[in-house]
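Right, one structure below, let's go through it.
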Amino acid sequence: MFGSHFYHERIKKSVAVFGTLFNNIYIIRKDSSGNGISQVKVPLSFAPKNKFLERIRENPDLDTDTKVAVKLPRMSFEITSINYDPQRQLQKTNSFQSGGTSASTRNRFYTYVPYTLNFSLSIYGKTLDDVYQVVEQVLPYFNPQYTVTVKPFDDYNDITEDVPVALIGVSFQDDFEGAVEARRTIIYTLDFSMNVNFYGPVRPQAVITQIDANVFNMEAGLSDSDIQLETITVTPTPEGVTADSDYGFATAIDLSFDD
């Protein structure tokens, strides 16, 4: 119904960008004297929070077989909602051009449609210190937003966008109910919003290489033979340049209509 197929992978790329922000977080385990004894990288997965809670609760008894239990700490994130953002909407007829299949064509991009992607980042840990270390490595970068520069189109590397990621809320949950020997799970949930622009199909357009403007005598009647005074022709110089070249303009005025 809407026309030809197009796919710019905006949601897929937004998920990748968000995950990249948190894929290199470590915690330090210390002994009773406060000396660091090991460094652990916190795994990150794109998965619903409930999925990991079920996997953790599959083996609540730590005295039996801990090999099948999910190792903590770890993190997971998911998209919670996608909402239209009317405050960032621009004039719908606006457009810009970039690249082209030949020297005589350019690709036209019409103005984007703004949306907000809401993400939820969950941090799971066995001890409060593990979770605190992760949280404190995230919070200082968001005051309340962190801006990432991305390339929205794979085929057009000259087009970039600044994408703000804002921290909008922090909540926590301590799963301490149950037997003493049961696994304890501490969960911190950080809520984020990301501005994402969705573009429609790319439409090729011919490059304008010549402009002709006729000048008329507005005071003359329609039957007057001198109603057209001159013709102004504007062409690029040198001729044969492409849309990305450095060039000027040559203006020619034809006064053949003047007596």
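When you scan the range 94-177 for strands (runs of 3 or more DSSP E) that lie fully inside it, which ones turn up with 3 or more residues that are under 23 Å from VAL15 (Cα atoms) and either in the same structural domain as VAL15 (by TED's automatic domain parsing) or modelled with pLDDT under 90 (or both)?
Working: elements: 95-98, 105-110, 113-125, 145-150, 161-175.
Counting at least 3 such residues, we get 113-125, 145-150, 161-175.
Considering the range 214-250, the residues that are more than 28 Å from TYR156 (Cα to Cα), charged (D, E, K, R) and in a loop (DSSP other than H, G, I, E, B) include one that is modelled with the highest pLDDT, namely GLU219.
Each row is one residue, and each column tells you yes or no for (1) modelled with pLDDT under 90; (2) assigned to a strand (DSSP E or B); (3) closer than 28 Å to LYS151 by Cβ.
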position: HIS8; (1), (2), (3): yes, no, yes
position: ILE11; (1), (2), (3): no, no, yes
position: SER14; (1), (2), (3): no, no, yes
position: ASN23; (1), (2), (3): no, no, yes
position: ILE27; (1), (2), (3): no, yes, no
position: VAL40; (1), (2), (3): yes, yes, no
position: ASP65; (1), (2), (3): yes, no, no
position: LEU72; (1), (2), (3): yes, no, no
position: PHE77; (1), (2), (3): no, yes, yes
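Taking the range 121-150 as the search range and keeping residues that are over 17 Å from ILE25 (Cα atoms) and touching a residue at least 40 places away in the same chain (Cβ under 8 Å), which one is nearest to the chain's Cα centre (by Cα)? Filtering the range 121-150 for residues that are over 17 Å from ILE25 (Cα atoms) and touching a residue at least 40 places away in the same chain (Cβ under 8 Å), the one nearest to the chain's Cα centre (by Cα) comes out as VAL150. Taken over the range 1-49, residues that are touching a residue at least 60 places away in the same chain (Cβ under 8 Å) and among the acidic types (Asp, Glu) amount to 1.
The values are calculated or read from the model by the stated rules, or taken from the named source; none is laboratory data. Keep in mind the model is a prediction, meaning the values are calculated, not measured. A quick note on method: Cβ atoms are made from the backbone with ideal geometry, for glycine too, and the neighbour counts reach across all protein chains shown.
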